[in-house]
């Protein structure tokens, strides 16, 4: 996802297809929100890859039926009163999910440890959670929900 975000931020105009063995819910929803042109699971019927490449070459999008069903289900399950997270908040959640401490997150972001604490408490309040453990456990849920709100 880091590569796709970088390519999109550089305003790259090439078409992008993801071929993957597996994809978590938040990455699936992020890829969808970034308007990746195609997504195929490696364990799917090989004909799907050909279908995808043909569709993308013709200017259309194509998603593996299993991924499409999962993305639709996620979008539907989060269509209620979910919270839209800012890009920086999603970034912090990903760092917490990876197990980074506030000091490490601050270094990654180029901010102070106090700034990280302020961001995290705002995220806790926004999501209605009590601590970083709950945030880490439910990170995929929150990230997927956030992407479905864009």
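Just so you know, all these numbers are worked out from the coordinates, no wet-lab data involved. None of these values were measured; they are calculated from a predicted model. Note that each Cβ is placed from the backbone with ideal geometry, even for glycine, and that neighbours are counted across all protein chains shown.
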**Q.** Computed label-point distance, nm, for sites residue 100 and residue 84 using a 7 Å Cα→Cβ extension
**A.** 2.5 nm
Q | Gain on full stretching of the segment that runs from residue 43 to residue 21 - 0.36 nm per residue minus C-alpha separation | A | 7.3 nm
Q: Evaluate the relative contact order of the stretch 87-148 (contact order divided by residue number), counting alpha-carbon pairs under 8 angstrom at least 6 apart; express in whole percent.
A: 39 percent
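In what sequence, highest mean first, do 6-18, 117-129 appear when ranked by Cβ atoms within 10 angstrom?
In descending order of packing, they fall as 117-129, 6-18.
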Q. Does anyone have the angle between helix 113-127 and the longest principal axis of the chain? Alpha-carbon axes, 0 to 90°, nearest 10?
A. 70 degrees
Q: Pull out a ≥ b ≥ c, the square roots of the eigenvalues of the alpha-carbon gyration tensor of the stretch 2-77, then state rounded if a/c is under 1.5, prolate if not and a/b is larger than b/c, and oblate in the remaining case.
A: oblate
